[in-house]
Structure formats: C-alpha cells, structure tokens
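First the structure, in the form of structure tokens, and then the observations on it.
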Amino acid sequence: MINEALARTPVPVRLANAYCVAVASKDLEYRGLLSGEGVNFPDGTPVVWAMSRNSHLGSRPGRVRGPSLFVNTIDQGRRKGLRHYFLGTTPETLKLLVSKIEAVYPGAIVAGAFAPPFGELDHKFYESCVQRIEPCEPHILWVALGSPKQDYATRYLARSVGVPCVGVGAAFDFVAGTAKEAPRWMQDHAVEWLYRFATEPGRLWKRYLFGNILFAASVAKSRKLNKLGMSTPHDKETT
C-alpha cells in the first residue's frame, strides 16, 4: 500500500465484509463495481471462511482488516513521509482522530481532513471533495462513509485526485475513540458483528439482521465468491 501511495497510483481499494457480499448478491450495480477496477480485500472472518470453503485456492486466504490496515500504514508511512487525507464521519470525530494520530504516531503527516455534509454522491459532493483534497497533495486518501457508499466514492475520487483511495468504514471512529472495537477473540471467531450490534442496535440492526441472512444465503448458493475479484493474501492475517 505504501509503495502505491508514494507512486500516487490511482487505485480504489475496498475492504469487503459480509455486508458488502450480501449487498452485491442483490444489487447488480454494486456487484459490477466490486468486479471492476480496483482491489477488493476480504475484511472479516466470515468472508475469509467462505472463500476458504468455496474456492480451490492453493492456501488459506487471509484477512485484511480495515482498521489495522489504516493504523499500520500510518505508522509505517512515517519513515517515507507519507501524506494522508481523511474524508468522512463528522468534524468532531476528525478533530479527535487527528489529535490521536499526532499523539500516538508522531511524525505522521496529516495533509488534510474533511467531513462532507450527509447526502447523495452527486456532482456537487465530488466537486467539493476534489477542491479540498487536491491542494493538499496527499499520497493516499482514506474514506469513511460506510459501505456501499464509500466504495462508489473511492472509485470516483481515485480517478479524480490521482491517488490510492481506501474505504475503511469505522476505522476513523475506532482510532478517534468515538466507537469501541470488539475484543480480538470476537474478531477471530466471526462475531465482531455481534459486538457492534450490541453497542449500536438502533443503527445497525437492519444491516446485521438482513445482511447476515443474505450473506449466508449467497454463500450457500454459490461456490463463486472469488468472482467478486477478491484479492487474497494467504496464510496469515494481513494488517
């Protein structure tokens, strides 16, 4: 990721969890996006398990967890002078996020941050984002708008800004401290969703109730999960 960022390779990167697979099983436009330009990594133990069961890969696929990828790239990018831009969540969360990064990762370069108003991904939205991001000259753009919205945004912005754009979901909230991560054992045993549901039931109940059912159904029906173009680091969790 760091090499691609330093080269300013305009690639959208998606961290696809069970909910993404569930949406893609019903939404042809979103399925086309996942199958198109860019890179998909399996984010979440259920997706990795499904890939292991439903494919003929030579070795066990590994997990690429969004929050881990985010903080590890920030940490390791310090030695290379990597410039980061954060897009999404709220102004309050971004302020906390930047403060936390400056405290925990001294020397990390935050080129800029913007919390766009909630709304559609229309021309006005993208124009506003590009006008703010381009002058900051980031090497990498981190996007936290929630799936599938952020996946559409990363595709457009990678083309427009000309840098890797990575959709990282709740990573901003986890690092900023506005949301708590599930214990590691829950992450490893495919029940991280249960922890998140318990902490935000009003917002997440539809996503997990219907998303998990759709995900299970799509895996049961098909042995072609890798048709989504999932990139598969092997044998160990990739962070």
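The values are calculated or read from the model by the stated rules, or taken from the named source; none is laboratory data. What you see is a predicted model, and the numbers here were worked out from it, not measured in a lab. Note that each Cβ is placed from the backbone with ideal geometry, even for glycine, and that neighbours are counted across all protein chains shown. Calculation scope for accessible area: heavy atoms of the full protein, side chains included, ligands and nucleic acids excluded. Shrake-Rupley method; radii C 1.70, N 1.55, O 1.52, S 1.80 Å.
Remark: the stretch 136-143, residue by residue, has Karplus-estimated 3J(HN,Hα) of 7, 6, x, 8, 8, 10, 9, 10 Hz, where x stands for each Gly or Pro and the curve is 6.51 cos²θ - 1.76 cosθ + 1.60 at θ = phi - 60°.
How would 105, 156, 85 line up by accessible area, probe 1.4 Å, largest first? Spell out each step's value before the answer.
On the way: 105 40, 156 85, 85 5 Å².
Greatest to least solvent exposure: 156, 105, 85.
Taking every Cα-Cα distance in the stretch 69-129 and sorting them into 5 Å bins starting at zero, the pair-distance distribution P(r) comes out as 4, 17, 25, 21, 14, 11, 6, 1 percent.
Take each peptide in 131-137, 158-164, 72-78, count the other Cβ atoms within 10 Å of every residue, and average; sorted highest first, the result is 158-164, 72-78, 131-137.
Exceedance of the 32 Å cut-off in Cα-Cα distance is limited, within the set 26/80; 26/180; 80/124; 26/100, to 26/80; 80/124; 26/100.
Once you order the gyration tensor axes a ≥ b ≥ c over the Cα atoms, which shape class does the stretch 107-183 get: rounded for a/c under 1.5, otherwise prolate or oblate by comparing a/b with b/c? It is oblate, given that a/c is not under 1.5 and a/b is not larger than b/c.
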